[in-house]
Amino acid sequence: MIASGKKTIEVRSWQTAYRGDILLTASNVNEDGCIPGHAILIACLDDITVLKRKDLKKACMDSLPKEKNYAWHLSNIRLVKPVPVKGKLHLWECNTRVKVIGGSEK
């Protein structure tokens with residue numbers, strides 16, 4: 001949903017001080033339009049706020065979770081040529097070069 005531009009808020013239970021480009025990886029679970037275990041896009045992480053009801057539509061959610069969560073506000077979403085990566089649950093340094101589709105290597 002992020003790749004299509006429909007979802008511009010990613011919801012996480014944690015936050016980070018990092019702002020800037022992040023490489024997003026599809027989970028190992030097979031989902032429509034994704035290649036499990038592959039980096040599929042780059043997005044700019046602009047801000048992180050406490051998840052509020054007003055964020056639900058942009059997060060493609062119907063209701064707030066019971067526990068406190070954070071809204072990761074994303075912009076400048078760019079598809080990349082899928083690259084197999086071993087994702088992690090927190091931010092991590094990617095040493096693999098990725099090619100933005102219609103752009104250059106990052």
Legend entry - Descending Cα extents along the principal axes, the chain, whole Å: 37, 30, 24
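Taking 27 Å as the cut-off for C-alpha to C-alpha distance, list the pairs among K54/K99; K6/K81; K57/K86; K52/K81 that go past it.
Those over the limit are K54/K99; K57/K86; K52/K81.
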Legend entry - Sequence-distant residues sharing a close amide H with V98 (under 5 Å, placed H): K106
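So how strong a dipole does the chain carry about its Cα centre when Lys and Arg Cβ are +1 and Asp and Glu Cβ are -1, to the nearest 20 debye? Display every interim value, and only then the final one.
Numbers: 18 positive and 11 negative charges, 28 e Å.
With Lys and Arg at +1 and Asp and Glu at -1, about 140 debye.
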Legend entry - Label-to-label distance, nm, for residues given as N28 and T16 (7 Å Cα→Cβ offset): 2.0
Inset, instruction - Using amide H atoms built 1.01 Å from N in the peptide plane, name the residues 5+ places from V80, or on other chains, whose amide H lies under 5 Å from its own. - result: L41, I42, I101
Inset, instruction - For each of E10, E93, E31, count neighbouring Cβ atoms within 10 Å of the residue's Cβ, then give the residues from fewest to most. - result: E93, E31, E10
Inset, instruction - May I ask you to sort R19, R78 by Cβ crowding, counting other Cβ atoms within 10 Å and putting the fewest first? - result: R19, R78
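All of the numbers you see were taken from the coordinates with simple rules; none came from a lab. Because the structure is a prediction, the values reported are computed rather than measured. So basically every Cβ, Gly included, is an ideal-geometry build from the backbone, and we count neighbours across all protein chains shown.
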